[in-house]
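Take a look at the structure below.
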Ligand code: SF4
Ligand code: SF4
């Protein structure tokens with residue numbers, strides 16, 4: 001098979017694919033049910049995937065329910081993103097020991113390649129956003145690069161968006177357009193439970209050649225198109241993106257920032273679940289035995305300490321911290337990295353304890369500004 005070709009596999013074929021990846025030495029991860037949510041975790045076969053599970057999401061609400069069907073990807077996204085696999089919540093940078101003299105050692109970089117099976121197209125887009133932030137630039141993060149380089153990505157196109165999703169607005173889903181080695185589309189209709197597999201790279205073709213496949217028929221491809229059209233049609237949330245970066249840039253003193261601050265708890269949940277937020281903090285801890293460790297941990301622009309410069313925090317109010325988060329995501333990220341910082345997964349909406357919805361906050365600002373058109377293409381930085 002070649003790049004762009006499509007085949008068909010069933011659950012046994014997907015099981016074989018996961019086995020082939022493990023046999024090639026990949027540290028194979030996929031969606032698993034953990035703590036009442038769909039989360040990334042190690043998988044050794046289809047039996048580990050969340051068969052029959054479906055999520056219900058709304059502002060401040062996430063519930064996982066078990067149906068009597070056998071679909072494996074019948075949910076949208078869970079709280080845990082793939083970010084944690086490449087940019088861990090806590091990472092040791094070095095440790096120093098004192099034994100006559102000071103010795104500084106750095107941890108070994110992760111060696112084994114990782115394969116992720118079942119990442120949503122929006123989540124693949126999130127990894128590409130992180131590639132620009134952590135994997136590029138003057139000083140790329142070696143830990144991120146070591147894990148991300150050589151990662152094998154099997155995406156699962158989305159047929160079941162949650163009410164909190166808006167990937168169509170951000171141009172990141174529900175169909176997969178790039179960033180994957182193989183793309184699955186799960187079909188479960190009168191013709192049975194099966195997957196269309198599309199090849200994204202030569203490595204994907206090589207891996208798929210080791211898996212028993214059948215021909216993707218015209219009716220399979222038509223069923224895939226129908227699934228994706230239905231998913232797009234089911235997406236009720238919209239983030240009008242045409243001119244959005246400029247809209248926010250000219251509304252830094254809008255009263256909506258104080259309005260949202262009356263509701264926001266500054267808890268940072270939205271940043272922790274976000275697949276593109278990358279703020280971190282560095283702390284040193286010392287022991288009485290003469291060992292010092294420097295660790296990097298996820299941080300949040302909602303933390304008061306995060307903007308602490310000499311003399312105090314630059315952003316002391318909740319309104320200034322929420323404004324920083326939202327305007328960075330949707331406006332100044334373009335200036336820094338040439339893309340939006342939001343891929344429309346809706347996690348920050350579902351996992352905000354008070355149900356703050358960034359699409360609604362933007363809509364309120366846009367309403368009084370009147371300059372944004374719904375449904376237009378993503379903007380450049382100055383549009
Ligand atoms: S800002 Fe919200 S919707 Fe956008 S990528 Fe982050 S969690 Fe997802
Ligand atoms: S917007 Fe919601 S999740 Fe984010 S800091 Fe405020 S209360 Fe927490």
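Any read-out appearing in this document is the output of simple, stated calculations on the displayed coordinates, not a laboratory observation. A quick note: this is a predicted structure, and the numbers were derived from the prediction, not measured. Heads up, the Cβs are rebuilt from the backbone with ideal geometry, glycines too, and the neighbour counts pull from every protein chain shown.
What percent do you get for the relative contact order of segment 36-183 when only Cα pairs under 8 Å and 6+ apart count?
Relative contact order comes out at 23 percent.
Starting from the Kirkwood Rh over alpha-carbon pairs, what translational D in µm² s⁻¹ does the chain have by Stokes-Einstein at 4 °C and 1.567 mPa s?
58
Taking a virtual spin label 7 Å from the Cα of residue 108 along the C-beta vector, which residues in segment 1-33 bring their backbone nitrogen under 18 Å of it?
25-28
Calculate how many DSSP beta bridges within the chain are antiparallel, expressed in % of all such bridges and rounded to the nearest 5.
Roughly 85 percent of the DSSP beta bridges within the chain come out antiparallel.
Mind sorting 287, 300 by how few other Cβ atoms lie within 10 Å of their own Cβ, fewest first?
Ordered by Cβ neighbours within 10 Å, fewest first: 287, 300.
Pulled fully out, how much extra length does the chain show between residue 210 and residue 61, if you take 0.36 nm times their separation in residues and subtract their Cα-Cα distance?
That pair, residue 210 and residue 61, stretches by 49.5 nm at full extension.
Starting with the fewest neighbours, write out 263, 347 ranked by other beta-carbon atoms found within 10 Å of each beta-carbon.
Ordered by Cβ neighbours within 10 Å, fewest first: 263, 347.
When the helix-only estimate is applied to the chain (DSSP H runs of n ≥ 4, each -39,500 (n - 2.57), divided by the residue count), what is the mean residue ellipticity at 222 nm, nearest 500 deg cm²/dmol?
Taking each H run of at least 4 residues, the total per residue is -8500 deg cm²/dmol.
In nm, give the distance between the simple-model label positions of residue 232 and residue 364, each being 7 Å from the Cα along the Cα-to-Cβ direction.
About 3.2 nm separates the two model spin labels.
May I ask you to sort 310, 143 by Cβ crowding, counting other Cβ atoms within 10 Å and putting the fewest first?
Least crowded to most crowded, the residues run 310, 143.
May I ask you to derive the FRET efficiency for residue 35 and residue 101 from their Cβ-Cβ distance with R0 = 41 Å, giving the value to the nearest 0.05?
My answer for the efficiency is 0.35.
Can you give the convex hull volume per residue for the Cα atoms of segment 135-214, as a whole number of Å³?
142
Could you check the spin-label model distance between residue 253 and residue 279? Points 7 Å from the Cα along Cα→Cβ, value in nm.
Here the modelled spin labels are 2.4 nm apart.
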